[in-house]
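Following: one structure in structure tokens, then a few remarks.
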Amino acid sequence: MENKIPIQISEADQQILDNAYQTIRDTFRKYAITLSPKDRQDLPKMADGTEAFVLKALELASKNPQFAPPFMDVEEMKKDLDAYFQIKPFLTMAKQSWDEFSDTAMEAGSEAYVQALAFYNSIKLAVKLKIPGAKAIYDELKKRFEVSPKSASSAED
């Protein structure tokens, strides 16, 4: 089995990462809001294809205020758009970091799980061969694969 993750992150590097992320979170927290899942679903979304439209609408609304509806605040629209463009690069960096952390954790977890399965299968064979001490280990590990009565009955529904 190929081991693609032969690493161990030092405590010093773990602390550096923790401090850096804490600094980012603490700094941005004063600007951040929290949306409910429903809010996230219901909001019209700004995306790359929408940016040109919004920029053009802001430009035209600024130059032609007589056409803006009375409830529209062009200055607030500009502030919102500025905030969007300030935050957007950090989203890209956060996504890159998320992908790197997620991929590395997934690979490391997968490698550990494959090794655990190899050990489990070896123990199952040892039980079949009646090797002393194997049964207790097998009984402990097989719990992972047992189906609970609750999930078995819901599967029958």
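Values computed for the structure shown
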| item | result |
| --- | --- |
| Filter result (β-branched (Val, Ile, Thr) and more than 20 Å from the chain's Cα centre (by Cα)) within the stretch 28-54 | Thr50, Val54 |
| Qualifying position, being touching a residue at least 60 places away in the same chain (Cβ under 8 Å), assigned to a helix (DSSP H, G or I) and within 30 Å of Pro6 (Cα to Cα), among Ala108, Ala112, Ala116 | Ala108 |
| Criterion (modelled with pLDDT of 95 or more and touching an Asp or Glu at 6+ places or on another chain (Cβ under 9 Å)) met by exactly one of Phe67, Phe85, Phe71 | Phe85 |
| Residue in the stretch 22-35 that is closer than 21 Å to Ala105 by Cα and out of contact with any Asp or Glu (no Cβ under 8 Å at 6 or more places or on another chain) present | yes |
| Lys95 being under 27 Å from Ile5 (Cα atoms) and at pLDDT 95 or above | yes |
| Residues that are closer than 19 Å to Lys95 by Cβ and either surrounded by 10 or more Cβ atoms within 10 Å (Cβ to Cβ) or of a type in the set (D, E, K, R) (or both), drawn from the stretch 28-70 | Phe28, Leu35, Arg40, Lys45, Met46, Asp48, Thr50, Glu51 |
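The values are calculated or read from the model by the stated rules, or taken from the named source; none is laboratory data. It should be emphasised that the depicted structure is a prediction, and the values quoted were computed from it without experimental measurement. Cβ sites come from the backbone with ideal geometry, for glycine too, and all protein chains shown count toward neighbours.
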